[in-house]
């Protein structure tokens, strides 16, 4: 095989990885379950409340096979691919498919700013809608939210009452509550969870209040 062809194959098999670790899932519909997290490096967004800025840069180049081997070493049945923004690395689609082929239940946590519609259909997509409070509202790739399935989840991180009103209107305009699972999560340390719960109840919204379990347990320590 020519050297150029070998190099092309190698490049298609590589991902820049910040960390692979075993913890309890802190969010979504598998919260509390032991999960292997594969955190990819890099993100084109700069959300004001981001709690994973350490994943913007650095990381190490790994082959997909090496990542799969590390995941298998933890012996868990659930795998969450996250970031950063994992879809910023095109090879992540190959990783997701190979994880599914090996029998894992796989979820993808993505900002919702990049096209997630071509991800392997076996993957549960957790799509984060960027609210005005994030500073990245204009980056929402709206076609993602027209394509959601019942097994996907759409997440809103809310910083204020204004974010809540905006998110409520977004859900209603796209009839998301009747098509998929909708999560409202208070920005940690910024919006009182009890206040958000009362708003949801007062408006009889068909959404789920989500608190970040890992932050309650470990304060958001990286690798936990």
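Some observations on this one:
- Selection count where residues are over 14 Å from residue 19 (Cα atoms) and in a loop (DSSP other than H, G, I, E, B), scope the stretch 74-97: 6
- Flag for residue 168 being in contact with a helix residue (DSSP H, G or I) (Cβ under 9 Å, 6 or more places away or on another chain), loosely packed, with under 14 Cβ neighbours inside 10 Å and closer than 21 Å to residue 201 by Cβ: no
- Which listed residue, of 203, 152, 120, is in contact with a helix residue (DSSP H, G or I) (Cβ under 6 Å, 6 or more places away or on another chain) and at pLDDT 95 or above: 120
- Against the test of being crowded, with 16+ Cβ neighbours inside 10 Å and touching a strand residue (DSSP E or B) at 6+ places or on another chain (Cβ under 9 Å), the options 213, 217, 153 yield a single qualifying residue, 153.
- When residues of the stretch 103-112 are limited to those that are modelled with pLDDT of 95 or more and touching a helix residue (DSSP H, G or I) at 6+ places or on another chain (Cβ under 7 Å), the one surrounded by the fewest Cβ atoms within 10 Å (Cβ to Cβ): 106
- Residues of the stretch 20-34 classified as modelled with pLDDT of 95 or more and either surrounded by 17 or more Cβ atoms within 10 Å (Cβ to Cβ) or in a helix (DSSP H, G or I) (or both), total: 1
- Tally, over the stretch 37-69, of residues that are touching a residue at least 24 places away in the same chain (Cβ under 8 Å), in a helix (DSSP H, G or I) and within 15 Å of residue 13 (Cα to Cα): 4
- Identity of the residue in the stretch 125-156, more than 13 Å from residue 170 (Cα to Cα) and in contact (Cβ under 8 Å) with a residue 40 or more places away in the chain, that ends up nearest to the chain's Cα centre (by Cα): 126
- The stretch 42-70 - residue that is over 13 Å from the mean Cα position of the chain (by Cα) and within 15 Å of residue 110 (Cβ to Cβ) and, of those, surrounded by the fewest Cβ atoms within 10 Å (Cβ to Cβ): 44
The values are calculated or read from the model by the stated rules, or taken from the named source; none is laboratory data. Since the structure is predicted, the reported quantities are computational estimates derived from the model, not experimental observations. Backbone-built Cβ (ideal geometry, glycine too); neighbour counts: all protein chains shown.
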